[in-house]
Every structure is written in structure tokens, then in C-alpha cells.
Amino acid sequence: MTAAVTESLVTSFVEATNRHDAEALAGLFGPESVVVDDNTEYRGASQIAGWIQEHQIGPKITLTVVDYDQSNSTLTADANGDFPGGPLRFAFRFTLADTIERLEIAPA
């Protein structure tokens, strides 16, 4: 990582993504969590587990942190993997509690 990330859940998200560890990623989300990626909402453990497999693990995504804005829990990172056109820069906006309650991903 090239920028300091101060929330452990966000750091864990980046590390688990880069290890391609679906179980660790899923463990960061609660049963009521929501992920919004590519204008699609994934709600709850089952849908988020599917998103993790299809959008993180399958294409072997790795994240290189560019910036982290603690004031709004937004991570900017370059994503690379088995997809055309990479690396691509994305903003990951987290809503955090004991787990990742909500994650919104958009091009940065």
C-alpha cells in the first residue's frame, strides 16, 4: 500500500482481496451488509459471497492503494487482474461499524 489506511476493516479488505481469500473477505461483512458495484446492489451474506467470487476472486483482483480519506472512509485504489483494460482506478466508499455495513464502488 502506498497510502496509510487507518481503519483495520479497510486494511483487512485490501489484504484479503490481494490474497484472493474469499473466506476472509466474506468475514468482513455482516449479515445485513450491502455492496453496490457496477450499479448493482448485493444485499446480505449470500449475495455478497457471490459478488466476492465473481468480481474479486474470479478475476484475481489486486488493489494498489493510492489514497485514503478518513473523513469519509473512501479508499482510492488501482485495481488490476484478469480483466481487459486494467489497471483501473476505483473509489471504495465504506460505511463501517463492527463489520463493513456498506461498500460502494465507483470509477475514480
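Segment residue 49..residue 108, full-extension length gain: 18.8 nm, with 0.36 nm per residue of separation and the alpha-carbon distance subtracted.
A straight chain from residue 78 to residue 19 at 0.36 nm per residue would run longer than the Cα-Cα distance by 19.7 nm. Excluding ligands, DNA and RNA, the accessible surface per residue across the chain is 53 Å² with a 1.4 Å probe. Here is how the number arises for the chain: DSSP H runs of 4 or more residues each give -39500 (n - 2.57), the sum is divided by the residue count, and the result at 222 nm is -6500 deg cm²/dmol. Of the listed values [x] 7.8; [y] 5.9; [z] 12.5, identify the label whose number matches mean projected area of the Cα convex hull in nm² calculated from this model. Read-out from the structure maps to [y]. Residue separation of residue 40 and residue 6 scaled by 0.36 nm, minus their Cα-Cα distance, works out to 9.5 nm of gained length. Evaluate E = 1/(1 + (r/R0)^6) for residue 60 and residue 89, where r is the Cβ-Cβ distance and R0 equals 22 Å; express this FRET efficiency to the nearest 0.05. Plugging the Cβ-Cβ distance into 1/(1 + (r/R0)^6) gives 0.80. For the range 1-94, the relative contact order works out to 25 percent when only alpha carbon pairs closer than 8 Å and six or more residues apart are counted. Over the chain, with every protein chain in place, what whole percent of the accessible area is carbon and sulfur at 1.4 Å, could you tell me? The nonpolar share, carbon plus sulfur, comes to 47 percent. So, in Å, what gap is there between the alpha-carbon centers of the range 9-34 and the range 67-108? After rounding, the separation between the Cα centres reads 12 Å.
Taking a Cβ cut-off of under 15 Å around residue 40, the surrounding Lys, Arg, Asp and Glu residues balance to a net charge of -3, with basic ones at +1 and acidic ones at -1.
The values are calculated or read from the model by the stated rules, or taken from the named source; none is laboratory data. Everything quoted here is computed from the prediction, not taken from an experiment. All Cβ positions, even for glycine, are placed from backbone atoms using ideal geometry, and neighbour counts span all protein chains on display. Surface areas here come from the heavy atoms of the whole protein model, side chains and all, with no ligands, DNA or RNA. Shrake-Rupley method; radii C 1.70, N 1.55, O 1.52, S 1.80 Å.
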